[in-house]
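Accompanying notes for the structure given below.
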Amino acid sequence: MIEPMASHSCRHIIRIVFFILSFIGFTCFGEFEGKQSKWKGYTKTEFQVDGNPAFVVEPKTSAAGKPWVWRARFPTFHTEIDEMLLRDGYHIAHINTGPRLGSPHALKIWEQFYNLLTGKHEFNKKGVLEGVSRGGLYVYRWAKNHPDTVACIYNDTPVCDFKSWPGGKGQGKGAQGEWKRLLKEYGFKDEAEAIAYQDNPIDNLQPIVDARIPIMHIITEDDAIVPPKENTYVLKERLEKLGLPFFYVISIAKGDRANGHHFDVKFPHVGYHFIRKYSDFSNPYPVYLRSGLKNSQHVFTHQKKGRVGFLGGSITESAGWRLHASESLKKRFPDTDFEFVYAGIGSTDSTYGAYRLHRDVLSKGKIDLLFIESAVNELHNSRTRDDISKAVEGIILQARRHNPYIDIIAQYLYDMPYVESYRRGITPWQIAALDRISLQYGVNAIDQARQVTNWFDSGEISQKEFGGCHPKPAGHKAYGDMIDRLFDAAWAGPVPTSTVPHHGGRRYDPNSYELAHFQSIDSAKVKSGWKKVKNWQGTGKGSVRKHDKGLDYIEATEPGSELTVEFSGTAIGLPMVAGPDVGIIEWRVDGGPWKSLDQFTKWSRSLHIPWIYMLEKELGPGKHLLTLRTTNRKNEQSMGHACRFSAFAVNGNPQ
């Protein structure tokens, strides 16, 4: 009788203890031990590490690979992205070392926290660093000392040089109390020693570059507390000079509060998609489902009709991956009547694509699903980052103005220079530039170049079997298989009952080609030498592709030919055929200085290649006058001084 009574008493005592602990919010159940509460509907557990307050917020179900975000400072500020990531199975973690301002002592505490999370609790060895304001001091000093522990960095108006803040030694206001604290915390004997310190976040950056850590900052240009010109832009310039190709900046002109330092987060999806891309360890393929394909799924299922557009260069023009995608759609939606708009034209890139999008795709009727491809020709046509961002943003904005519900898939196809870059652990800057805009607007993407590199290196597909940048049938099928993976992920689960407009995005470039269109050559006023040639078939020297034959061109073959044209907009260019006889042309806008252009390309010797030259890209809005003339100068490989084009490429409202 004694033992059962004791056992009963013990159980009763244990129940009382657990009742008291649960009443005060402490638990030893679940993944973490400590004081528990609810945060945004998730379990938050507070505990201490070496006497320093810390917490972890747990998702409902942890994602594969156990990804996590490490909030450096101010963990309750701008939590929109954290909430989105919690829904995806990410943990959110923070340890409060606030007074230590990223000092060596603070990093020692961070090491204990990191070891606890990645050891006992098996968090992924690579975490996402997220720093707000002075959090930048912690983030970059940690990343430089422990680069292999960082998946990516997302920072919000971060301090990157303590001379700027709290020192206030530049344009910023500084904070003298914090500056004195920093001198003491770092053990500087005086201010001069602090100013001479060579391990600020902006210093000794090679470990971050070698680890290829992707970085995104969101900043306010009028920030008087942490001026970006002394912080983010210095860091960006130094990292890019050392070879880091992916440092993305979201720039906001004016902050809402606190001397421009604070702002409202209006488009959290940009940072969210950035973090997901570089820390989704459950995704074995470089397939990025962002805004999804639910609208097109609804249309294809319920309306039984669908129109799908394909915009790209010669790899899209060839009867390869686009036919695989078309057949896959017909099999997935057997009762749907599809119309496929194939608008691939060899040698064209995203710049040409932005100007011909309406003519070749959107004019055919409402497009429900649009594929865009241009990565290979961005490389071969020597496009700049600025060219790419203006063009891709223009394509997306035009497409969504045409149909706010349109689903878009961007593809970055392979060429050997891209493979060689990936083998060195470097994302090709052209692909980084293309995907930066896709991130901005939540556009779905497939990095086919990265996947082809993986196939080549694993031996799953050989280069000989796949083919070159113009793939063999096996290569096109492999591209199609990757598209099917995106389809599978996008269309898992129930069919939506309605369509939803895609969320907008802050403009990346105010001069992007949102209003790109072709203005007729009939609008030109000929002063001398130019003439209109109808149904042009070529010159007899140099081949002409089918898309370029039979068009009307305006042409000049002799030096000194001159014309003018009025247009309204911020950019003007010439969609031309640059063949064996093209020379050097000159132009000016609104009576400004003359500028020159050699039209001859590396393919011009034997081909009248379709090419779009943008003469001006950032004019002031409003009406302008272009004066264009041929000269007596030419490329040494050219046979003449000609110029011929089919329209004026104008970014602005049509006249």
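The values are calculated or read from the model by the stated rules, or taken from the named source; none is laboratory data. It should be emphasised that the depicted structure is a prediction, and the values quoted were computed from it without experimental measurement. With ideal geometry, Cβ positions are generated from the backbone for all residues, glycine too; neighbour counts draw on all protein chains shown.
Points worth noting:
- Within the stretch 422-441, restricting attention to residues that are within 9 Å of the chain's Cα centre (by Cα) and polar (S, T, N, Q), the residue that is modelled with the highest pLDDT is S438.
- Flag if H78 is under 23 Å from R141 (Cα atoms) and at pLDDT 95 or above: no
- Per-region count, the stretch 531-552, residues of a type in the set (K, R), surrounded by 13 or more Cβ atoms within 10 Å (Cβ to Cβ) and under 40 Å from the mean Cα position of the chain (by Cα): 2
- Looking across the stretch 382-427, just one residue is free of Cβ contacts under 8 Å to residues at least 24 places away in the same chain and buried (at least 17 other Cβ atoms within 10 Å of the Cβ), and that is S421.
- Y272 being of a type in the set (F, W, Y), assigned to a helix (DSSP H, G or I), under 30 Å from A571 (Cα atoms) and under 25 Å from the mean Cα position of the chain (by Cα): no
- Only listed residue being at pLDDT 95 or above and under 22 Å from E221 (Cα atoms), chosen from L239, L323: L239
- Residue match in the stretch 140-155 (condition: modelled with pLDDT of 95 or more and touching a His at 6+ places or on another chain (Cβ under 6 Å)): yes
- Residues of the stretch 466-502 satisfying the condition of being part of a helix (DSSP H, G or I) and among the basic types (K, R): K477, R485
- If you go through the stretch 197-230 and keep only what is of a type in the set (S, T, Y) and under 20 Å from the mean Cα position of the chain (by Cα), you end up with just T220.
Residue-wise test of (1) out of contact with any Leu (no Cβ under 7 Å at 6 or more places or on another chain); (2) without any contact (Cβ under 8 Å) to a residue 40 or more places away in the chain; (3) assigned to a loop (DSSP other than H, G, I, E, B).
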{"position": "L137", "(1), (2), (3)": "no, no, no"}
{"position": "R141", "(1), (2), (3)": "no, no, no"}
{"position": "A151", "(1), (2), (3)": "yes, no, no"}
{"position": "N155", "(1), (2), (3)": "yes, no, no"}
{"position": "V159", "(1), (2), (3)": "no, no, yes"}
{"position": "G168", "(1), (2), (3)": "yes, yes, yes"}
{"position": "K180", "(1), (2), (3)": "yes, yes, no"}
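- Only one of I446, I461 that is at pLDDT 95 or above, of a type in the set (V, I, T) and either closer than 18 Å to F371 by Cα or not assigned by TED's automatic domain parsing to the domain that holds I315 (or both): I446
- Listed by position, the strands (runs of 3 or more DSSP E) inside the stretch 506-557 whose residues that are in contact with a Phe, Trp or Tyr (Cβ under 9 Å, 6 or more places away or on another chain) and of a type in the set (D, E) number at least 2 are 551-556.
- Breaking point among (1) touching a residue at least 60 places away in the same chain (Cβ under 8 Å); (2) under 17 Å from K527 (Cα atoms), for R588: (1)
- Residue within the stretch 256-264 that is assigned by TED's automatic domain parsing to the domain that holds V139, part of a loop (DSSP other than H, G, I, E, B) and under 23 Å from L439 (Cα atoms) present: yes
- Scanning the stretch 241-267 for residues that are in contact with a helix residue (DSSP H, G or I) (Cβ under 9 Å, 6 or more places away or on another chain) and under 24 Å from D386 (Cα atoms) turns up L242, G243, L244, P245, F246, F247, Y248, V249, I250, S251, F267.
- Looking only at the stretch 313-345, and only at residues there that are under 25 Å from the mean Cα position of the chain (by Cα) and over 18 Å from P473 (Cα atoms), the one that is surrounded by the fewest Cβ atoms within 10 Å (Cβ to Cβ): I345
- Residue in the stretch 526-543 that is in contact with a helix residue (DSSP H, G or I) (Cβ under 6 Å, 6 or more places away or on another chain) and among the hydrophobic types (A, V, I, L, M, F, W, C) present: no
- Under the condition of being farther than 14 Å from I275 by Cα, in contact with a strand residue (DSSP E or B) (Cβ under 8 Å, 6 or more places away or on another chain) and part of a helix (DSSP H, G or I), the residues counted in the stretch 73-117 number 7.
- Annotation: of all residues in the stretch 435-478 being touching a Ser or Thr at 6+ places or on another chain (Cβ under 8 Å) and small (G, A, S), the one that is farthest from G505 (Cα to Cα) is A445.
- Residue match in the stretch 579-598 (condition: assigned to a loop (DSSP other than H, G, I, E, B) and of a type in the set (A, V, I, L, M, F, W, C)): yes
- Of all residues making up the stretch 450-499, the number that are polar (S, T, N, Q) and either buried (at least 18 other Cβ atoms within 10 Å of the Cβ) or touching an Asp or Glu at 6+ places or on another chain (Cβ under 7 Å) (or both): 3
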